[in-house]
Structures are given as C-alpha cells and as structure tokens.
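Got a structure for you, questions after.
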Amino acid sequence: MIIADQFVWLHLPKTAGTSMNQMFRNRRIIGLKVDADDTTHKHDSVALRESRGQWRAEERQRFITCRRLEHWLISDWQHKRRHMDLPNLDFEPVRSGLTYSLRLGGTWVAADWWLQYFEIDERVISLRLEHLNDDLNQKLLPLLSPETNPFEGLPRENTKPKILQSQPSFNKTDLSRIASTNPCWNAWQKKIYGDEIGA
C-alpha cells in the first residue's frame, strides 16, 4: 500500500506494485508512506489496515491498478511457481479462472476474491497497467502539489526472467469459462478498457 495525504494506492498483486513502490520512493514526496516490499502488509485492503486501529483512510482518494484477467492469471501462476516454492503448481485450475491462495491457507479461489477483498466500487479509481503513465498523469498527478513532475516510466522491478518468457495461453473455451467464474473482474475490465483489444 502507498499512502499519501491525498490518496491511497491499493496493491493488487501482479500489477506492477513493486515498480510503483520504487517509483514513489524515488520521488520522495513529503508525508508519503510506502510499505516495504518484503512484508505481506503491502497487500492490505483499507478495511484490514483500518482494523489494526492505527490508521484511517478518511477522505483519501483510493486508486488501484487494473490488469486484464487472462494476463493477471498467468502472471500470478508464474510468480507462485518462481517465488513461493510451488514449482509444480497445476495450471489446469487457472484455465477456469482460479488463483491459488496461500493467504487463504492454500486453496484455489476465483480471482474475483481480490476485488471483493479490496472493495472495488465507485470510490476506487482504476489505473490501467498497460497505460499506467497516462492514467497516473491524468488521474493521480492532479492530486499532488503543482510542482510535481509528470510520471514517465516505471522502474522494472520484480519482472520475470528472460528464461521464463514463454508462457501458457488460453483458448476461447478457457476465456469464456474464466469470465463466467469471475463476473466482477470481467465487468470491471470491460468498464475500464471498453472495446480496446488486449495486448
């Protein structure tokens, strides 16, 4: 989570969060707080952070980065295989729109769980991962002090190594099943991306 006087940015896994953290650390904005990259608290929801009794979101504008679900599912699966000691994690449940959740004790859940966890609604402004600089400059920059420089590129943190550039893919049946399993995420990305063709 990134917290400033004017906004809070929610760290949905596998949406350039580590790069976002580094970018804001580099800017040294007064009063800015960025969670450490090695803490699970970086993925806190507002409700969870407030439940600890030391902080309130109050009227801060909430932001989150959006990513197309099919790309997010593959990235999440690959990340768990590389970094969470799950090299043999099955891909078949991913074809149905499920993500393996260590947070929930090691079980497969719909990706929609994350949207419910973060309470994605009209209070939250979504930033498209594929157009992150444009969206940051249009939607978040106006909340910062007038002398703040525009956003120009993210540091390349936590990206997958070249050896793993090849990745599985989904067929039309998979995509239909993924959308059916995750109606919230499917509606979310349609609202955010409209008719834009996915990269």
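The values are calculated or read from the model by the stated rules, or taken from the named source; none is laboratory data. Everything quoted here is computed from the prediction, not taken from an experiment. Counting neighbours? That spans all protein chains shown, and the Cβs are built from the backbone with ideal geometry, glycine included. All accessible areas refer to the heavy atoms of the entire protein, side chains included, with ligands and DNA or RNA removed. Shrake-Rupley method; radii C 1.70, N 1.55, O 1.52, S 1.80 Å.
How many residues are in a strand (DSSP E or B) and farther than 19 Å from residue 179 by Cα if we restrict to segment 102-120?
Looking only at that region, the number is 1.
Restricted to segment 101-120, and to residues that are of a type in the set (D, E, K, R) and at pLDDT 95 or above, which residue is nearest to residue 187 (Cα to Cα)?
112
For residues that are among the β-branched types (Val, Ile, Thr) and closer than 19 Å to residue 143 by Cα, tally how many sit in segment 10-57.
Number of matching residues: 3.
Every residue, every condition in (1) of a type outside the set (Gly, Ala, Ser); (2) out of contact with any helix residue (DSSP H, G or I) (no Cβ under 9 Å at 6 or more places or on another chain); (3) open to solvent by 40 Å² or more (accessible area, probe 1.4 Å); (4) closer than 23 Å to residue 181 by Cα, yes or no:
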{"position": "27", "(1), (2), (3), (4)": "yes, yes, yes, no"}
{"position": "56", "(1), (2), (3), (4)": "yes, no, yes, no"}
{"position": "61", "(1), (2), (3), (4)": "yes, no, yes, no"}
{"position": "65", "(1), (2), (3), (4)": "yes, no, no, yes"}
{"position": "70", "(1), (2), (3), (4)": "yes, no, yes, yes"}
{"position": "88", "(1), (2), (3), (4)": "yes, no, yes, no"}
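Let's see how each residue does on (1) at pLDDT below 95; (2) of a type outside the set (D, E, K, R); (3) surrounded by 15 or more Cβ atoms within 10 Å (Cβ to Cβ):
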{"site": "91", "(1), (2), (3)": "no, yes, no"}
{"site": "122", "(1), (2), (3)": "yes, no, no"}
{"site": "146", "(1), (2), (3)": "yes, yes, no"}
{"site": "149", "(1), (2), (3)": "yes, yes, no"}
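Just for segment 1-25: of the residues that are among the small types (Gly, Ala, Ser) and in a loop (DSSP other than H, G, I, E, B), which one is most open to solvent (accessible area, probe 1.4 Å)?
Looking at residues that are among the small types (Gly, Ala, Ser) and in a loop (DSSP other than H, G, I, E, B), I get 16.
Here's something else I'd like to know. Scan segment 75-90 for residues that are out of contact with any Ser or Thr (no Cβ under 8 Å at 6 or more places or on another chain) and touching a residue at least 60 places away in the same chain (Cβ under 8 Å) and report the count.
4
List, please: which pairs have Cβ atoms under 6 Å, are six or more places apart or on different chains, and start with a residue in segment 20-41 that is under 24 Å from residue 83 (Cβ atoms) and end with one that is open to solvent by 80 Å² or more (accessible area, probe 1.4 Å)?
Short answer, once both residue conditions are applied: 35/41.
Could you look through segment 162-199, keep only residues that are in contact with a helix residue (DSSP H, G or I) (Cβ under 8 Å, 6 or more places away or on another chain) and modelled with pLDDT under 70, and pick out the one that is least open to solvent (accessible area, probe 1.4 Å)?
If we take residues in segment 162-199 being in contact with a helix residue (DSSP H, G or I) (Cβ under 8 Å, 6 or more places away or on another chain) and modelled with pLDDT under 70, then 198 is least open to solvent (accessible area, probe 1.4 Å).
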